[in-house]
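As structure tokens, the structure follows; a few thoughts come after it.
The values are calculated or read from the model by the stated rules, or taken from the named source; none is laboratory data. Just so we're clear, the structure is a prediction, and the values are computed from it rather than from any experiment. FYI the Cβ positions are ideal-geometry reconstructions off the backbone, even for glycines, and counts take in every protein chain you see. The protein model used for the area step is the full one, side chains on, heavy atoms only, and it has no ligands, DNA or RNA in it. Shrake-Rupley method; radii C 1.70, N 1.55, O 1.52, S 1.80 Å.
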Amino acid sequence: YLGGSAAKKIKQPPVLGQLLAGVGVGAVALSQGALGHFVRSTMTDSILHFGAMVGVILLLFKSGLEENIHEMKEVGGRATVVALVGVVLPVAGGIGFTYFFLPGLPMLVYVFFGATLAATSVGITAAVFNDFKYKSTETRIVLGAAVVDDIIGLVILGVLSAVAQGGEVSGSFIAIAIVKAVGFLGISILLGRLLAPSISKGFSRLHSGPEMKMALALTFCAVYAYGAKVLAGLEPIVGAFAAGLVLDAVHFEKFEEPQFSKDVKEAAEIVEGQRAKKRLLKIASHAREAHVEELIDGIAMFFMPLFFIITGMAVDLRVFQDPQVLLLAGGLTVVAFLGKYACGLAAGKGTNKSLVGFGMIPRGEVGLIFANLGKSYGVLDEKSFAIAVVVVIATTFIAPPLIARAIKQSKDDALPETKRQGAKAAAVAE
């Protein structure tokens, strides 16, 4: 938690600070004495690992809640093309790079390396856009593409988890795994959207307070996560993401309105001026729609950092004594960077292609999930896992300042020539 706060202080994503904090704790575990022994015993604690599993399930559930299926349908062709290019190039580059520089390993290892580079972290990129209060065609393309390639990444994750557990890589096995992954996502989302209104109404009749609202959301999350594992052989996080997509704000209309929303509406009734009144009513409406996410945030804020910290703790720093590991991590970071940056070229005419490319670079939590699962299945050894985590850290760290620079350039380009000259003059004067 301190690591996440420290990262925010220097305008970096909290996930980066939590991950580095975990790496620091892992370094302490290498020491001798009572402290090192205590940390080593903690690293294998089943309760801690269960908490981390809950954290990653809630993370994907929250990601699903923050997306809107209707808005995703409206994502233009450019966002879809950007997403596809942003998956194919990094995955192919990751597989090719590791196959060439790490010869003799099972093919599944190379595929896991490539898959780790597939998805963009929606949260990190969106946070940077939000910090700059910047919205444009480019931001819509980036966020739309990030959602699409997250879904593609989850399908890839489902396929790889099925293949890893089956211990066999064949065309028919992979085809069946793809059908199961896509089929589960499609059928579960369709059934969920059909049944959610009735289920929600039933829950609200029992109790319409926020406690029951959170219980409904967590029940959907748990059932879908369990169903993904048992029915389709997928990772529970795939089901959790689907559950988040299913639950819209409309499904909670029968529940009590949040107190904050009520207070804002009361303020809107006594305030003077139609503009201020509309603004307050809009805030109240948003507060009601976002209430479920806020309820989940309360529990997720405790469990989610455990996943990142434990992932960081799993990095054995001794592997970096081998110069080959550092060289491979650096080379794969370049591949990861170029693969996503190049997808900006598919954004089309009239767009800031650099902003789109930089916005797609951070891997963040999604890349960590791939790396962590690869290690838990025994596909990635200590050396391979460390390389993958370093690449995730590097792309997460370098992307925000590049996005910020591209946003500044877009704003400058959007200014009329007279204002641009005035801004430059003011900057020189300062």
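Just a few scattered comments:
- Restricting the first member to region 133-153 and to residues that are under 19 Å from residue 348 (Cα atoms), and the second to residues that are of a type in the set (Phe, Trp, Tyr), the beta-carbon pairs closer than 6 Å and six or more apart or on different chains are 139/129.
- Members of region 177-213 found to be farther than 15 Å from residue 223 by Cβ, modelled with pLDDT of 80 or more and in contact with a His (Cβ under 8 Å, 6 or more places away or on another chain), listed by number: 197
- The numbered conditions (1) under 19 Å from residue 255 (Cα atoms); (2) modelled with pLDDT under 85; (3) open to solvent by 30 Å² or more (accessible area, probe 1.4 Å); (4) part of a helix (DSSP H, G or I) are all true for residue 219 except (2).
- Just one residue in the set 222, 240, 215 is in contact with a helix residue (DSSP H, G or I) (Cβ under 9 Å, 6 or more places away or on another chain), hydrophobic (A, V, I, L, M, F, W, C) and in contact (Cβ under 8 Å) with a residue 24 or more places away in the chain; that residue is 240.
- Residues in region 265-323 that are over 18 Å from the mean Cα position of the chain (by Cα), among the aromatic types (Phe, Trp, Tyr) and at pLDDT 80 or above: none.
- Test result for residue 119, within 20 Å of the chain's Cα centre (by Cα) and modelled with pLDDT of 75 or more: yes
- Residue check for residue 64: part of a helix (DSSP H, G or I) and either in contact with a Cys (Cβ under 8 Å, 6 or more places away or on another chain) or under 22 Å from residue 386 (Cβ atoms) (or both): no
Conditions tested, residue by residue: (1) β-branched (Val, Ile, Thr); (2) open to solvent by 40 Å² or more (accessible area, probe 1.4 Å); (3) at pLDDT 80 or above; (4) over 29 Å from residue 184 (Cα atoms).
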site	(1), (2), (3), (4)
84	no, yes, yes, no
88	yes, yes, yes, no
104	no, yes, yes, yes
112	no, no, yes, no
124	yes, no, no, no
140	no, yes, no, no
153	no, no, no, no
160	no, no, no, no
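- Considering region 352-399, and only residues there that are small (Gly, Ala, Ser) and touching a Ser or Thr at 6+ places or on another chain (Cβ under 6 Å), the residue that is modelled with the lowest pLDDT turns out to be 364.
- Residue within region 45-61 that is under 30 Å from residue 228 (Cβ atoms), buried (at least 22 other Cβ atoms within 10 Å of the Cβ), touching a Ser or Thr at 6+ places or on another chain (Cβ under 7 Å) and modelled with pLDDT under 80 present: no
- Evaluating residue 356 against the criteria (1) open to solvent by less than 30 Å² (accessible area, probe 1.4 Å); (2) over 18 Å from residue 332 (Cα atoms); (3) assigned to a loop (DSSP other than H, G, I, E, B) leaves one unmet condition, (3).
- Residue 239 more than 26 Å from residue 203 (Cα to Cα), open to solvent by less than 100 Å² (accessible area, probe 1.4 Å) and at pLDDT 70 or above: no
- Looking across region 12-51, the residues that are under 18 Å from the mean Cα position of the chain (by Cα) and not in a helix (DSSP H, G or I) come down to 12, 13.
This table checks each residue for (1) open to solvent by less than 10 Å² (accessible area, probe 1.4 Å); (2) under 14 Å from residue 160 (Cβ atoms).
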position: 375; (1), (2): no, yes
position: 383; (1), (2): no, no
position: 392; (1), (2): yes, no
position: 396; (1), (2): yes, no
position: 405; (1), (2): no, no
position: 410; (1), (2): no, no
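- Odd one out for residue 261, checked against (1) modelled with pLDDT under 75; (2) open to solvent by 20 Å² or more (accessible area, probe 1.4 Å): (2)
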